[in-house]
Ligand SMILES: [Zn+2]
């Protein structure tokens, strides 16, 4: 199963191997069997998160999967391995780099000396192919600012936060993408003046960048579970539900429709419970899978009430188109271009309908999705959902 058997088709992205980053990598493009390590980082509470011990028993964990195996095997929990486990407090005490040291020194051996594997005649090398995690986790690990209210809070570009409300495409000249050279320069500036809290959102040097074949500037993985399902989707479905409540239904009727709807046998467990509509928050109080279930069923739940030229409804349909593409396991080159335009149209319409409401930083991260997919293939294979399932297992044991 380790040996590549998948037949790439021109212009079709089904896996990492089909995408630009892999094809350009000095290791993976040459050594076809090189070990593709995908890391996932997260932290979690082992004690009661509401109790007085909060924070003390917080653990950080780095898991890994081998992307050489087909995606279907990588969603199985037995193929997600624990790479490192540490006290989250130690991150503050010693910094991430000290925690990463043993892992990075192993990876350096794998990069230079490689491994002898039974049944394969050549020594195989390997390295990190991508690092996944939620936005906050990745920013911490890579040495970026950990506040999304900061002026430079995007790990992909240098766009200032104020421009998130007006710039909706990477092609815009205001969007300057981070590169390895630029990142090096930012780190050097930090070294020459340690009093700087950060430079363009870079807080410190990341030890992962001492690897030969991996650099954080080439990490394209995005967190669709938190960006979309727990972020943008709930934020916007909430606005659309509020609109429906103001124009078409009373609160009881609206809740009744969501409650009584037949979500089908497979989706029954994921049905959304009572949603929070007027609590002033940015979400509906749903978990990722409930949010996905509600979003996909919105047209069947409320479509009968809406006129075909309704712009609020159009916004929801644009989001559904975007979600269908972003969550697809196979994509074409054409779809990435279509996605780029859907995101522009969607964000523009949002600002037109809600000029007083700010788009979230997560809306901004979406403008990078089309290029990220071109670089690493379908981002569904990167997402946190399965790792978090493994995590829950560890947490409860
Ligand atoms: Zn950006």
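Do we have any residue at all in the range 200-219 that's touching a helix residue (DSSP H, G or I) at 6+ places or on another chain (Cβ under 9 Å), within 13 Å of the ligand (Cβ to nearest atom), assigned to a loop (DSSP other than H, G, I, E, B) and not assigned by TED's automatic domain parsing to the domain that holds residue 352?
So far as the range 200-219 goes, yes, one or more of its residues are touching a helix residue (DSSP H, G or I) at 6+ places or on another chain (Cβ under 9 Å), within 13 Å of the ligand (Cβ to nearest atom), assigned to a loop (DSSP other than H, G, I, E, B) and not assigned by TED's automatic domain parsing to the domain that holds residue 352.
Can you find even one residue in the range 340-347 that is touching a helix residue (DSSP H, G or I) at 6+ places or on another chain (Cβ under 7 Å) and modelled with pLDDT under 95?
Taking every residue of the range 340-347 in turn, none turns out to be touching a helix residue (DSSP H, G or I) at 6+ places or on another chain (Cβ under 7 Å) and modelled with pLDDT under 95.
For the range 123-132, indicate whether the set of residues that are touching a helix residue (DSSP H, G or I) at 6+ places or on another chain (Cβ under 6 Å), part of a helix (DSSP H, G or I) and under 28 Å from residue 360 (Cβ atoms) is non-empty.
No, the range 123-132 contains no residue that is touching a helix residue (DSSP H, G or I) at 6+ places or on another chain (Cβ under 6 Å), part of a helix (DSSP H, G or I) and under 28 Å from residue 360 (Cβ atoms).
With a cut-off of at least 2 residues that are within 22 Å of residue 226 (Cα to Cα), name the helices (runs of 4 or more DSSP H) lying wholly within the range 240-354.
Fully inside the range 240-354 and qualifying: 288-302, 311-326, 333-353.
Quick one: residue 387 ticks every box in (1) outside any helix (DSSP H, G or I); (2) at pLDDT below 95 except a single one, so which number is it?
If we test residue 387 against (1) outside any helix (DSSP H, G or I); (2) at pLDDT below 95, just (1) comes out false.
Do any residues in the range 357-378 that are more than 30 Å from residue 8 (Cβ to Cβ) and not assigned by TED's automatic domain parsing to the domain that holds residue 322 have Cβ atoms under 8 Å from those of residues that are away from the ligand (no atom under 14 Å from the Cβ) and not in a helix (DSSP H, G or I), where the two are at least six apart or on different chains, and which pairs are they?
none
Does the range 313-321 contain at least one residue that is within 16 Å of the ligand (Cβ to nearest atom), at pLDDT 95 or above, assigned by TED's automatic domain parsing to the domain that holds residue 298 and under 23 Å from residue 240 (Cα atoms)?
For the range 313-321, residues within 16 Å of the ligand (Cβ to nearest atom), at pLDDT 95 or above, assigned by TED's automatic domain parsing to the domain that holds residue 298 and under 23 Å from residue 240 (Cα atoms): absent.
Every residue in the range 140-150 that is more than 12 Å from the ligand (Cβ to nearest atom), touching a helix residue (DSSP H, G or I) at 6+ places or on another chain (Cβ under 6 Å) and part of a loop (DSSP other than H, G, I, E, B), please.
146, the sole residue that qualifies.
Among the residues of the range 151-167, which ones are away from the ligand (no atom under 11 Å from the Cβ) and either closer than 15 Å to residue 366 by Cα or touching a residue at least 40 places away in the same chain (Cβ under 8 Å) (or both)?
First, pick out the residues of the range 151-167 that are away from the ligand (no atom under 11 Å from the Cβ): 151, 162, 165-166.
The answer is 151, 165, 166.
The values are calculated or read from the model by the stated rules, or taken from the named source; none is laboratory data. None of these values were measured; they are calculated from a predicted model. Positions of Cβ are generated from backbone atoms using ideal geometry, with glycine treated the same way; all protein chains shown enter the neighbour counts.
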